[in-house]
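The values are calculated or read from the model by the stated rules, or taken from the named source; none is laboratory data. Since this is a predicted model, take the numbers as computed values, not measurements. Reconstructed Cβ throughout: ideal geometry from the backbone, glycine too, with neighbour counts over all protein chains shown.
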Amino acid sequence: MTFPLHRLRRLRKNGAIRRLISETTLNVDDFVAPLFVREGITEAQPITSLPGVFQHTRESLKREIDEITNLGIPGIILFGIPEKKDATGSEAWNPDGIVQQAIADCKSIAGDDLVIMSDLCVDEYTDHGHCGVVNDDGSIDNDLTLDLYKKIAVAQAHAGADVIAPSGMMDGQVAAIRNALDETAYVDIPILAYSAKYASGLYGPFREAVNVSLENSDRKSYQQDWRNKREAMNEIKADLDEGADMIMVKPAVTYLDIIAQARKITDVPIGAYHVSGEYSMIKAAGGKGWIDEKQVAIEQLTAVKRSGANFILTYFAKEIAECL
């Protein structure tokens, strides 16, 4: 049956009708705000390539949590930047490390009114900037890295994280983390797996945010090839088999087809990370007056949800929450 075009025109004639029959609705409940907390600074530091985003102190992070909860945003994801880095990223599992302290701070303020997700990786903590232990020949030692991930997961859970989000793309990371949590009485902590994380050129501003050198940014040997779709589906299925409770696609807008395909193969919640480069491009063009910044941000985030994502990690969380 053909849908008459004049009927389509009638259904678009004013904003109230368009809103009433909209197929996809973006709202505050869709957002997770990425936050950075840095050790060894006395005041929040602006991130040049992420306008409006800061490396927080523990005190400024507390104020940020108050604002986020007052806006009704349901979740955050924390990234820690230690004062000292080493080859294995040992501060990542230090019980008194910056991200563990920040998790506890956030939990003490927001309680169960805010989902505290904790990114699990070592790139922010290592002096070389890779997501795992680097061998003498420059390759990544996958299995040795898994041993570190297990320690980090337990430290984050003990600090009070509601969700553990492994992002390092090591083979078997979900199974290793699930076993470590189960063996230490954290069986109720869900895992949000960065299952389809591409070796994208859109991560540059994030690398500045966590003080990682762009010289060490080539992670193509363990992140996914951006030309491939079937590879992503295999990674998603593997993570689900290993015990992932939720999966993530990263980046978001450039990979809407991956989100849509993932929705076809699984019913678990899907997150999508609207990454630093996607955010910064909108900010840069908006700052030049070339686009309507908020309109484009809402349009992109709505597209991510329309493609099948349940929630979106986005640096626009506060701004768009205020608009909505």
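Scanning the stretch 204-224 for residues that are modelled with pLDDT of 90 or more and part of a loop (DSSP other than H, G, I, E, B) yields a total of 0. Within the stretch 247-269, restricting attention to residues that are more than 24 Å from residue 53 (Cβ to Cβ) and of a type in the set (A, V, I, L, M, F, W, C), the residue that is surrounded by the fewest Cβ atoms within 10 Å (Cβ to Cβ) is 265.
The set of residues in the stretch 112-131 that are more than 20 Å from residue 191 (Cβ to Cβ) and either among the charged types (D, E, K, R) or modelled with pLDDT of 95 or more (or both) comprises 113, 127. Screening the stretch 132-186 for residues that are part of a helix (DSSP H, G or I), within 23 Å of the chain's Cα centre (by Cα) and among the charged types (D, E, K, R) and picking the one that is modelled with the lowest pLDDT gives 147.
Against the conditions (1) under 26 Å from residue 233 (Cα atoms); (2) among the polar types (S, T, N, Q); (3) in contact with a strand residue (DSSP E or B) (Cβ under 7 Å, 6 or more places away or on another chain); (4) surrounded by fewer than 22 Cβ atoms within 10 Å (Cβ to Cβ), residue 135 satisfies every one except (1).
Restricting attention to the stretch 56-77, the residues being free of Cβ contacts under 8 Å to residues at least 60 places away in the same chain and either polar (S, T, N, Q) or closer than 20 Å to residue 131 by Cα (or both) number 4.
As for the stretch 29-37, it holds no residue that is touching a strand residue (DSSP E or B) at 6+ places or on another chain (Cβ under 8 Å), in a loop (DSSP other than H, G, I, E, B) and crowded, with 17+ Cβ neighbours inside 10 Å. Contact annotation: residue pairs with Cβ atoms under 7 Å, 6 or more positions apart or on different chains, pairing a residue in the stretch 156-181 that is surrounded by 20 or more Cβ atoms within 10 Å (Cβ to Cβ) with a partner that is of a type in the set (Lys, Arg) and modelled with pLDDT of 95 or more, are 176/150; 177/150; 180/150.
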